[in-house]
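One structure follows; several queries about it will come next.
The values are calculated or read from the model by the stated rules, or taken from the named source; none is laboratory data. Bear in mind the structure is a predicted one, so any value in this text is a computation, not a measurement. All Cβ positions, even for glycine, are placed from backbone atoms using ideal geometry, and neighbour counts span all protein chains on display. Note: accessible area is taken over every heavy atom of the protein model, side chains too, but ligands, DNA and RNA are not part of it. Shrake-Rupley method; radii C 1.70, N 1.55, O 1.52, S 1.80 Å.
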Amino acid sequence: EIQEEISRKDDRLLALLKDVYVESRDPPAQVKDQGGEYLPCKHEEKRLTKLGHLEALDVKKVPKGKISIVEALTLLNNHKLHPHIWTAEKIAEEYSLELKEVTSLLEFFIPFSVQEFPTESRKAIKAT
């Protein structure tokens with residue numbers, strides 16, 4: 001039965017398919033520049049990342065004025081641990097960033113720290 005149903009032609013569906021008309025057009029042709037002159041291309045100056053032992057986790061080169069995720073976490077942690085050494089000015093110079101952006105980064109992005117309380121000072125919560 002299934003084979004007969006598959007091989008049987010349905011005239012009503014065939015008539016509906018014949019009524020379908022598809023028209024397609026190519027997009028308008030792109031205007032090519034005359035004379036073979038090329039528009040100037042902005043080449044970004046890149047720098048190697050400073051990742052240390054986390055090098056395998058991140059990109060190798062970033063544009064000047066930008067930092068990678070691992071670098072951002074590293075510099076935030078360095079500033080948190082040694083703020084007198086890793087000042088905003090030193091970070092801006094070290095990572096080729098603008099001082100204003102580094103100041104905002106240090107102000108608004110603070111890495112959190114996990115603190116564990118000693119078990120002696122913990123109060124047990126009794127079930128009610």
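Select from region 59-103 the residues that are aliphatic (A, V, I, L, M) and within 16 Å of the chain's Cα centre (by Cα) and write down the one among them that is farthest from V114 (Cα to Cα). Lay out the reasoning, then the answer.
Filtering region 59-103 down to residues aliphatic (A, V, I, L, M) leaves 59, 62, 67, 69-70, 72-73, 75-76, 81, 85, 88, 91-92, 97, 99, 102.
Filter again for within 16 Å of the chain's Cα centre (by Cα), leaving 59, 62, 67, 69-70, 72-73.
Values: V59: 28, V62: 31, I67: 25, I69: 21, V70: 19, A72: 19, L73: 16 Å.
Among those residues, the one meeting the criterion is V62.
For a quick check of your reading of the model, give me the residue pairs whose first member lies in region 101-128 and is among the β-branched types (V, I, T), whose second is surrounded by 10 or more Cβ atoms within 10 Å (Cβ to Cβ) and at pLDDT 75 or above, with beta-carbon atoms closer than 6 Å and at least 6 apart or on different chains.
V102/A88; V102/I91; V102/A92; T103/A88
Also, quick follow-up: What residue, among those in region 39-69 that are part of a helix (DSSP H, G or I) and either modelled with pLDDT of 80 or more or open to solvent by 70 Å² or more (accessible area, probe 1.4 Å) (or both), is nearest to L105 (Cα to Cα)?
For region 39-69, the residue satisfying everything is I69.
Give me the residue from region 84-117 that is small (G, A, S) and in a loop (DSSP other than H, G, I, E, B) and, out of that set, farthest from E71 (Cα to Cα).
S113
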